[in-house]
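Only one structure is covered here, and it is reproduced in the block below.
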Amino acid sequence: MKRLIFVLAIIGYLTVTALSYGQTGSLSAGEGFIEVTGGKVWYKIVGGGSSIPLLMLHGGNGVSSIYLKPLEALADQRPVVFFDQLGCGNSPGPSDTSLWTIENFVEQIAAVRKALNLKQVHLYGHSWGTMLAIDYMLGEPAGVQSLVLAGPVFSIERYIQDKVKLLETLPDSIWKVIKKNELESTLDSPDYMPAMMVFLGQFFARRQPWSDELNQAFATLNHSLAGYMFGPYSFRFTGTLAGYNRTDRLGEINLPTLLIAGEYDISTPATVKDYQSLIPGAELTIIENAGHLTMHDEPEADIKAIGEFLNRVENK
């Protein structure tokens, strides 16, 4: 019996080691759960190879990482690690607002890295994920080799201002309906969502039809989490992150950084260029014909830009 327990323990150790070794990117494909404050987060490792792993921070918040699936193509040279933040997708969590803080979501990044032994890692963030990436880096973690920040949001106030400006470029019949319903808090009005879909189709995800993964991300949205931190509205901000602004600290980022924006992005190219000027040595790629979800609208161009950047960083 003792021998059986010993053998099982060895098998378990070897399995965990195979899944978690990440100093040089030698991670095995697989998935599982990692303990974090408040529950467990689901992760999935795609691909393999000896290049440094890429850890993905999805946007939202409240959606799952499934909409980032096109970026699995980056796994041809390196492991790509996806995880659903607590309360999102495959990582259900309690409706406990004490857990819904940016600090707790940042802690989840550290927990995933520790569990998977990601001693060296590239970090990718999209939208809300860029907020997490910046706050994580301001804590000066060891081993992060570069940042890829797509559709970055470093100032909530500017993000909302840009959204309103984009909204007002649409026909009056669209933007007036949206503004009226948001001001009157009548988001269940039958004319609100059709108008919002016009906006989203122009500036969020332009490629039609939307992919199954993107539709699933929306279908499984944790409305309570999103409503608490961001608020229920699209063009005015009432959530706990309303005052978020890290533009005065972007100069502290001292590692290779690639910023990505779609040509029609909600995080507008003009705004992202301003962010670029605040991060020493940052690069900027504008993806033509894309909205906020560049990986959905123009996946080949998006993957090419990210892959070439990561290779440049590693070949220096």
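The values are calculated or read from the model by the stated rules, or taken from the named source; none is laboratory data. Please read these numbers as outputs of a predicted model, since none were measured by experiment. Heads up, the Cβs are rebuilt from the backbone with ideal geometry, glycines too, and the neighbour counts pull from every protein chain shown.
Scanning segment 270-316 for residues that are out of contact with any Asp or Glu (no Cβ under 8 Å at 6 or more places or on another chain), within 27 Å of residue 210 (Cβ to Cβ) and among the hydroxyl-bearing types (Ser, Thr, Tyr) gives a single hit, 285. A single entry from 155, 146 fulfils the requirement of being closer than 23 Å to residue 78 by Cβ, crowded, with 19+ Cβ neighbours inside 10 Å, of a type outside the set (D, E, K, R) and at pLDDT 95 or above: 146.
Only strands (runs of 3 or more DSSP E) wholly contained in segment 7-84 count here; list those with 1 or more residues that are within 18 Å of the chain's Cα centre (by Cα), of a type in the set (Phe, Trp, Tyr) and modelled with pLDDT of 95 or more.
On the way: elements: 30-36, 39-46, 54-57, 80-83.
Ranges flagged: 39-46, 80-83.
Determine if segment 232-239 includes at least one residue that is exposed (fewer than 14 other Cβ atoms within 10 Å of the Cβ) and assigned to a helix (DSSP H, G or I). There is no residue in segment 232-239 that is exposed (fewer than 14 other Cβ atoms within 10 Å of the Cβ) and assigned to a helix (DSSP H, G or I).
Show me the helices (runs of 4 or more DSSP H) found entirely inside segment 269-316 where at least 1 residues are more than 29 Å from residue 248 (Cα to Cα).
Answer list for segment 269-316: 294-297, 299-315.
Listed by first and then second residue, the pairs with beta-carbon distance under 6 Å, at least 6 apart or on different chains, first residue in segment 123-140 and hydrophobic (A, V, I, L, M, F, W, C), second part of a helix (DSSP H, G or I) and crowded, with 24+ Cβ neighbours inside 10 Å, are 123/133; 132/105.
Residue check: is residue 215 within 30 Å of residue 90 (Cβ to Cβ), at pLDDT 95 or above and surrounded by fewer than 17 Cβ atoms within 10 Å (Cβ to Cβ)?
Working: within 30 Å of residue 90 (Cβ to Cβ): yes; at pLDDT 95 or above: yes; surrounded by fewer than 17 Cβ atoms within 10 Å (Cβ to Cβ): yes.
Considered against the rule, which asks whether it is within 30 Å of residue 90 (Cβ to Cβ), at pLDDT 95 or above and surrounded by fewer than 17 Cβ atoms within 10 Å (Cβ to Cβ), residue 215 comes out as yes.
Against the test of being of a type in the set (S, T, N, Q) and closer than 22 Å to residue 80 by Cβ, the options 254, 311, 289 yield a single qualifying residue, 311.
Yes or no: segment 268-283 includes at least one residue that is out of contact with any Cys (no Cβ under 7 Å at 6 or more places or on another chain), touching a residue at least 60 places away in the same chain (Cβ under 8 Å) and of a type in the set (Asp, Glu). Among the residues of segment 268-283, not one is out of contact with any Cys (no Cβ under 7 Å at 6 or more places or on another chain), touching a residue at least 60 places away in the same chain (Cβ under 8 Å) and of a type in the set (Asp, Glu), which makes the answer no.
Taking segment 74-104 on its own, how many of its residues are touching a strand residue (DSSP E or B) at 6+ places or on another chain (Cβ under 9 Å) and either surrounded by fewer than 24 Cβ atoms within 10 Å (Cβ to Cβ) or touching a residue at least 40 places away in the same chain (Cβ under 8 Å) (or both)? First the steps, then the outcome.
Residues of segment 74-104 that are touching a strand residue (DSSP E or B) at 6+ places or on another chain (Cβ under 9 Å), as a first pass: 74-75, 78-94, 99, 104.
Subset that is either surrounded by fewer than 24 Cβ atoms within 10 Å (Cβ to Cβ) or touching a residue at least 40 places away in the same chain (Cβ under 8 Å) (or both): 74-75, 78-79, 81, 83-94, 99, 104.
Residues that pass the stated criteria total 19.
Checking the stated criteria, residue 279 turns out to be within 28 Å of residue 120 (Cβ to Cβ) and buried (at least 21 other Cβ atoms within 10 Å of the Cβ).
You will find that of 282, 219, the residue that is over 26 Å from residue 79 (Cα atoms) and of a type in the set (A, V, I, L, M) is 219 and no other. Does segment 151-159 include one or more residues that are in contact (Cβ under 8 Å) with a residue 60 or more places away in the chain, under 23 Å from residue 42 (Cβ atoms) and of a type in the set (Asp, Glu)? Checked segment 151-159: no residue is in contact (Cβ under 8 Å) with a residue 60 or more places away in the chain, under 23 Å from residue 42 (Cβ atoms) and of a type in the set (Asp, Glu).
Please find, within segment 160-187, the residue that is nearest to residue 125 (Cα to Cα) out of those that are touching a residue at least 12 places away in the same chain (Cβ under 8 Å) and β-branched (Val, Ile, Thr). Looking at residues that are touching a residue at least 12 places away in the same chain (Cβ under 8 Å) and β-branched (Val, Ile, Thr), I get 160.
Just one of the listed residues (69, 44) is touching a Gly at 6+ places or on another chain (Cβ under 8 Å) and under 23 Å from residue 307 (Cα atoms), and it is 44. When residue 259 is tested against (1) under 30 Å from residue 94 (Cβ atoms); (2) touching a residue at least 60 places away in the same chain (Cβ under 8 Å); (3) not acidic (Asp, Glu), exactly one condition is not met: (1).
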